[in-house]
Amino acid sequence: MKSMLMKRTLVAVLSAMGLAWTANAAAQTETLKIGVVSALSGPGSEWGLAQDGAIKIAAMEANAKGGLKVGGKTYKVEVISYDDQYKAAVSVSSATRLIEQDKVKFIVGPMGSAATLAVKPLFEQNKVLAIIGAYSEKALDANTRYSYRGFPTQVEFVGPIVQWLKKNKPDLKSVAQIDPNDETGWFSQKLLKEQYQGAGYKVVSSELFERSLKDFQPVLTRIIATKPDIIELGTTPPGTAGLVIRQARELGFKGQFVKIGGPGVPQIVAAAGKEFAEGLICYAAADVTTANYKNLETQYAKVLKPPMNEFTVYFYDAARMLLESIQAAGTVDDTDKIRAALDKATPYKGIQGPIRWGGMKAYGVNHQILTPTFIGMIKNGEQVIIGQME
Amino acid sequence: MKYSLKFLALVAALAVLPFALRSPFLTHIGVMTCLYTALALSMNMMLRIGQISFAHGAFMGLGAYGSALLMMRLGLPFPVAFFGAAFGVTLLAWLVGLLFLRIRGVYFVLLTFAFGEIIVLTFIEWVSLFGGSSGLAGIPRPALFGHEIQSRNGFYLLALGLAAFAYTSVRAVYRSELGAVITSLDENEALTQSLGIDSRRYRQLTFCFSAFLVGMSGAVYGHYLTLVTPEDYGFWVPVHLVVINVIGGMAHPVGAVLGALLLVPLPEFLRDAKQYQVLLYGILLIVFLLFMPDGLYGVFKKFRRAKGGAE
Amino acid sequence: MFELATKIVINGLTSSLVYILMALGFTLIFGIMRVINFAHGELYMLASFLVFVLSGLLGWNYYLVVLLAGVAVGLFGALLERVFFRPFVGRELNGMIMALAISITLQASAFILFGTDEHSVPRPISGVFQLGDVIVPRDRLAVGLMAVVILAAFYLFMRYTKAGLAMRAVVQDEEIASIYGVRPKIIHPLAFGLGAMLAGFAGALMAPIYTVYPYMGSQPMLKAFIVVILGGLGSVPGAVLGGVVLGLTESVFATLINTTVATMVSFAIVVVILLVKPTGLMGRSTR
């Protein structure tokens, strides 16, 4: 009896060893880990999920081709995502975990400005190549070596949009601003105020609100009392922006809503209602009617729950550039070589048109992506492109 | 004598642990567990006098912001900033205690809760001093005796020292005559007062020492994270501390340690299933409240008594 | 100036009515069971989610769903009392901690089921109601009116039914009430259920006004707690007075300065009341 058991065990162990040996021999594939730390839940998650979705799509496509071939070896691309809930403290601990525990050398994120400023020292210190978000101009400076901003910020597009407004809606003269009371919101308000005033508009009110606020009646009562022609929603997250729009209309505001900040038309329409959202003029990251965009949406649905936010387009292009730069550099560890390759990757054929790195004048380093951007208007619950800028 | 030797040996072993394990992740858990042990012990003192303070989160925040600001704005060296902040919190507790401590039971809880929220809202509203909802980033590293504490292991030793101090001092207090008075404050205040003891002074003392521990813990926490944000110091901190005490067992300070050992690492290990972690936390608390009201410590004691009886 | 003042008052009063609904449930539970129901906000949240699922996703009639949600949450509250709170009768602090535990568990469950996304519930009524220069959103007005109806029903129940009389007796003095045959085993679940139902109605009515998400209950609970301290723990007329005072004060400060300051002022009022007259504006010292 006992010898039978022993024999069986021996066979099992030998078979297992054999299998493992053959499996090992067959699998020359290793894993390339890419981390994501961004707002994957709560307000602002529309944009964080764009970063997460984008890298996941790029990874999925690379793996579908059999893996990423870098310097003679093939790598399976694995994405490790942590949700920072748009909180800087959580970003720091998540990024630390990615770097120290998961040992990643590439990170997509964060999205929030406060979060990005908090983790950037970690990235630079540990030579982690990052595709960041963050609207704040402080995120890029002359000392930045390893962080690249994957989307255009208001610095890049607010000027042209204000000019368009001036030309096409000349009877609007005064602006009231409302933004979240955080790093992103402070920067946005300051910049937009300068640009509007520079173009001849009168900024009659600049309000900041706590991110968790839902009842805007008091602040809107204050704003409406200043009789603005335009209410500029800035970097207010889309769902909240919809609430603001609805409550403002219900308080009697009949003027124009403008949003030169992060996009998210589906959420705005859902929260405001089709009727109230009608006519909103906004910065649009993408023309959602093109074939390329619809293709990307199909891909997105395979990795995350729809709807896909327009920002995904930017980060998808950036993710592809990152993977291709890794291939070009022939290494998955030497981030200095890879970033040199990344610098040379543009002009690049993005899915909406050519994109390139720029920003030396504004930030002191060419790590800002410059892309085509659009001006959109909400008509009948959908976004319609009414203008385009290079 | 024998006890202190055993204790020192334990602390020495714990101090060496991170160097042996060489895992930054585990060391991080170690830092957090030590800090929360100190915090839970401070809450244990308040539980003992029957006045749960929900302002403790805000006190922790004041310790963190205070130490950071004293170093960053006034350029003070770490030991001065650290103790300055801790004493600042203690002083505030003393002043507040004069007004608040005569209120008892749930009213005291609600009172300290409201007060704590006002402080946190001030962190958010007073942007020029506290940095608003983004808080303060880039907090300088502590420097002791000319040596800067930069590594995770260094912080672990600092936190361990704090936890050891908290444990020994709280235990010593409880075993002393002072402790006897403090314990009686909740159970039979009338009797204590009839013996001529000024119960208010003892409550003040407890509250102040508790705040002192909290202030120190907050300061270490802030320097460790290099970032202080207001939402880290709200209402959920004292809730967490109460839970640690309930689950660990309130009767003996070792309960706070046991509770921290169980509850602090839990979220770190369950990070991938974050909301299941919170669900588990809630369920665990309910189970303990219903079936093990004396906490882990109570369970151990019963176990030991049963074993002893069987033999 | 007058227009602004009117707007401030109207904004304040529409908020007050919802606060009162929440506060009444909270104060009833405290008055009868001496439990600080930290899970009160989650009862509100549960009802909101019920509305989201039944009315928003399945398309049932909104008003029917409001009724259903209120009753369902009420029954759930009675169940909570029977299973989780009964062991802690008389032990205030432990009961409070249990309420906290339930709050945490309910929030986490909602997160697991629905994610943290903020869901919008389609509005049954929209548009505005204009009276001269004064504009009031119709849906808020509707919520206000329905709240008044519910409050009236509650008042009649407490005043004229045997159960209501029994509950009022218990609030005053539980021991003496029991001598008169009032049994805690019936009164406690009834009180918790009734309190929960009020929170449920508040949540169901407010679901279409903002958005529905797992953590939405924290704010209303906070308001309830402030109102009840103001008016007096255990006092029903106190809850109404407190609700009005809080709604108006907040509206004034929030409109003239900002919302954060308004919240700070309300907490400061709480501190002052607890120090000076802990039983609130209309409470009586019980034990």
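Every number here is computed from the coordinates shown, using simple stated rules; none is lab data. In this text the structure is predicted, and so the values were computed from the model without any measurement. Positions of Cβ are backbone-derived with ideal geometry, glycine not excepted, and every protein chain shown enters the neighbour counts.
Using the structure shown, select from A:Lys214/A:Lys305; A:Lys167/A:Lys254; A:Lys105/A:Lys302; A:Lys87/A:Lys214; A:Lys105/A:Lys344 the pairs with a Cα to Cα distance greater than 23 angstrom. The pairs that break the limit, which is 23 Å between Cα atoms, are A:Lys214/A:Lys305; A:Lys105/A:Lys302.
Along chain B, the exposed loop sites are trypsin sites (Lys or Arg not before Pro) outside DSSP states H, G, I, E and B with at most 12 other Cβ atoms within 10 Å, and the longest stretch free of them is B:103-311. For the range A:96-183, chymotrypsin sites (Phe, Trp or Tyr not before Pro) meeting the loop criterion (DSSP other than H, G, I, E, B) and having at most 12 other Cβ atoms within 10 Å: none. Answer rounded, prolate or oblate for the range C:18-216, using the Cα gyration tensor with square roots of eigenvalues a ≥ b ≥ c: rounded when a/c is under 1.5, else prolate when a/b is larger than b/c, else oblate. It is oblate, given that a/c is not under 1.5 and a/b is not larger than b/c. When you filter the trypsin sites (Lys or Arg not before Pro) in the range A:287-390 for DSSP loop state and at most 15 other Cβ atoms inside 10 Å of their Cβ, you are left with A:Lys344. Take A:240-253, A:61-74 and order them by the average number of nearby Cβ atoms within 10 Å per residue, most first; the result is A:240-253, A:61-74. Summing +1 for each Lys or Arg and -1 for each Asp or Glu among the other residues whose beta-carbon sits under 14 angstrom from that of A:Val128 gives +2.
Other residues within the sphere of radius under 14 Å centred on the Cβ of A:Asn63, judged by their own Cβ, net out at +4 (K and R +1, D and E -1).
Ranking request for peptides B:32-43, B:235-246: highest mean number of other beta-carbon atoms within 10 Å first, then the rest in descending order.
Peptide ranking by packing, descending: B:32-43, B:235-246.
Give, as a single signed number, the net charge of other residues whose beta carbon lies under 14 Å from the beta carbon of C:Val18, with Lys and Arg counted +1 and Asp and Glu -1. Neighbourhood net charge equals 0. Restriction of the chymotrypsin sites (Phe, Trp or Tyr not before Pro) in the range C:113-201 to DSSP coil positions whose beta-carbon has at most 10 other beta-carbons within 10 angstrom yields C:Tyr180.
Just check the range B:2-233 against the gyration tensor rule for me: Cα atoms, a ≥ b ≥ c as the square roots of the eigenvalues, rounded for a/c under 1.5, and otherwise prolate or oblate depending on whether a/b exceeds b/c. Oblate, because a/c is 1.5 or more while a/b does not exceed b/c. My understanding is that a pair violates if its Cα-Cα distance is over 31 Å; which of A:Lys56/A:Lys138; A:Lys120/A:Lys337; A:Lys166/C:Lys7; A:Lys138/A:Lys337; A:Lys166/A:Lys379 do that in this structure? Those over the limit are A:Lys166/C:Lys7. Assign one of three labels to the protein assembly as shown, namely rounded, prolate or oblate, based on the Cα gyration tensor with a ≥ b ≥ c the square roots of its eigenvalues; rounded applies when a/c is under 1.5, prolate when it is not and a/b is larger than b/c, and oblate otherwise. Oblate shape, in that a/c is at least 1.5 and b/c is the bigger or equal ratio.
Each of C:Gly193, C:Ser178, A:Ala39 was scored by the projection of its Cα onto the charge dipole of the protein assembly as shown, and the greatest displacement toward the positive side belongs to C:Ser178; charges sit on the C-beta of Lys, Arg, Asp and Glu.
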